[in-house]
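The values are calculated or read from the model by the stated rules, or taken from the named source; none is laboratory data. Values in this document were obtained by computation on a predicted structure and should not be read as measured data. Using ideal geometry, Cβ is built from the backbone for each residue, glycine included, and neighbour counts are taken over all protein chains shown. Ligands, DNA and RNA are stripped out before the accessible areas are found, and what is left, the full protein with its side chains, is counted by its heavy atoms. Shrake-Rupley method; radii C 1.70, N 1.55, O 1.52, S 1.80 Å.
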Amino acid sequence: MNTARTHTHDHHDHDHAHHGHAHSHDHDHGQISGRERKLIFAFVLTMLMMMVEAVGGFWSGSLALVADAGHMLIDALALLLAVVGAWFARRPADARRSYGYGRLEVLAGFVNALTQFALVGFIAYEAVMRLFEPTHILSGMMLVVAVIGLLVNLLVLRTLHGHAHDDVNLAGATLHVLGDLLGSVAAVVAALLVRWQGWNWADPVLSLLVSLLILNSAWRLLRRSAHILLEGVPEGMNTGDVAESLRHAHASIRDIHHLHVWQLASGSRMATLHAELYDDTSSSVAITAINHLLAERFGIQHVTVQIDAEQCPDHTRGCAGHGPR
C-alpha cells in the first residue's frame with residue numbers, strides 16, 4: 001500500500017535564519033513495482049531467446065547466430081542490472097545514504113550506455129573480419145531463428161514501452177532491447193539476401209549499419225545519465241525562470257537567491273534556495289507558497305528553503321540575484 005506524507009519545518013538558528021523542508025516519500029519497499037515486473041519479464045524472455053539462438057547457431061554452424069546470442073547475453077545481463085538497480089532504488093534512506101538508493105537507477109543506465117559502446121566495438125570488429133573472410137551461413141536456419149528473435153524482441157520492447165522520459169534505468173534496458181530488435185531485423189534481411197541473392201557480405205554490412213544506430217542512442221543515454229550524476233538542472237528547466245516565478249509566489253517574498261535544482265533519480269526533482277522576506281512577515285506562509293509553486297508548476301517535490309531574516313549569511317560567497325526588488 002502506498003502512503004505519502006509531507007513535512008514542513010521552521011526553526012531559528014543562531015544566525016537568525018529559518019529553514020523549511022518539504023518532501024514526499026513513497027513507502028512501497030516490500031512489493032515488486034510495475035517497472036520491475038516489466039524488467040523481469042524482459043530478462044526472462046531475453047535469456048530464453050539467447051539460448052534458442054545459441055543452440056540454433058551451433059546446430060546450423062552459423063557464426064552470425066552465435067554472435068547474436070552473445071549480444072543477447074550481454075543484453076540479458078544489462079536487464080538484470082536494471083532489475084537490481086530498480087530493487088535497490090526502493091530501499092529506504094539510512095544513516096549513510098540520507099537520500100536513499102534511488103540514484104542507482106541512473107547509475108545502471110550509465111553503465112548500460114557504456115556496455116553499448118563496448119558492444120558496438122565488438123560488432124564493428126566482427127563485421128570487418130567477415131568482410132575480409134566471408135563465413136558460410138545456413139540461411140534457412142538463420143532465417144527461422146532470426147524471425148523468432150524479431151517477434152520476441154517486439155514483445156519485450158512493447159513491454160518496456162511507455163517509461164518516463166527521465167527514467168534512465170528503464171531507458172537503458174529499452175536501448176539494449178532496441179539493439180536486439182535492430183539486430184534481428186538485420187539478421188532477417190541478411191538471411192533473405194544470402195538465401196535468394198547469394199550475397200554473403202550482406203550480413204556484416206547490415207551489422208555495421210545497426211551498430212551506428214546503437215551508437216547514436218547510446219551516446220544520448222550516456223549524456224543524459226551523466227548530466228543527472230553531475231547534479232545538472234533537469235532537462236527543459238531554466239533556473240532563471242524558476243527563480244523569477246518564486247519571487248512572485250507570494251507578496252511577502254522580496255528576493256530569491258542561491259537557487260539549486262537537480263534530479264536525484266527518475267522523476268525525483270529537488271531544490272534548495274534562500275528566500276529573503278519583507279520585515280515582520282511570517283516565514284511559514286512564504287515557505288508554503290514556495291513549496292506549492294515548485295510542486296505544481298515545476299514538479300519539484302523535495303524542497304529545502306532557508307529564510308534570510310536580514311542580510312544573506314552567505315554573502316561572502318556571493319548571493320546570486322541578491323538585492324531588494
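When you go through Gly240, Gly236, Gly323 one by one, which is the residue that is modelled with pLDDT under 90 and either under 30 Å from Ala113 (Cβ atoms) or in a helix (DSSP H, G or I) (or both)? Within the list Gly240, Gly236, Gly323, the selection yields Gly236. Within segment 195-209, the set of residues being in a helix (DSSP H, G or I) and open to solvent by 20 Å² or more (accessible area, probe 1.4 Å) comprises Arg195, Trp196, Gln197, Val205, Leu206, Ser207, Leu208, Leu209.
Scanning segment 88-115 for residues that are modelled with pLDDT under 75, of a type outside the set (Gly, Ala, Ser) and in a helix (DSSP H, G or I) turns up Phe88, Glu105.
Among the residues of segment 277-306 satisfying the criterion of being charged (D, E, K, R) and at pLDDT 90 or above, which is most open to solvent (accessible area, probe 1.4 Å)? Per the stated criteria, the residue is Arg297. In segment 127-143, the condition of being open to solvent by 30 Å² or more (accessible area, probe 1.4 Å), assigned to a helix (DSSP H, G or I), at pLDDT below 75 and not aliphatic (A, V, I, L, M) is met by no residue. Name the single residue that is farthest from Trp201 (Cα to Cα) among those in segment 49-86 being in contact with a Phe, Trp or Tyr (Cβ under 9 Å, 6 or more places away or on another chain) and at pLDDT 75 or above. This residue is Val83. Sort out which residues of segment 216-233 are part of a helix (DSSP H, G or I) and surrounded by fewer than 17 Cβ atoms within 10 Å (Cβ to Cβ), and write them in order of number. The answer is Asn216, Trp219, Arg220, Arg223, Ala226, Leu229.
If you go through segment 89-103 and keep only what is under 30 Å from Met50 (Cβ atoms) and open to solvent by 60 Å² or more (accessible area, probe 1.4 Å), you end up with just Arg91.
Look through segment 153-167, keep the residues that are open to solvent by 30 Å² or more (accessible area, probe 1.4 Å) and of a type in the set (A, V, I, L, M, F, W, C), and return whichever of them is modelled with the lowest pLDDT. Result: Ala164.
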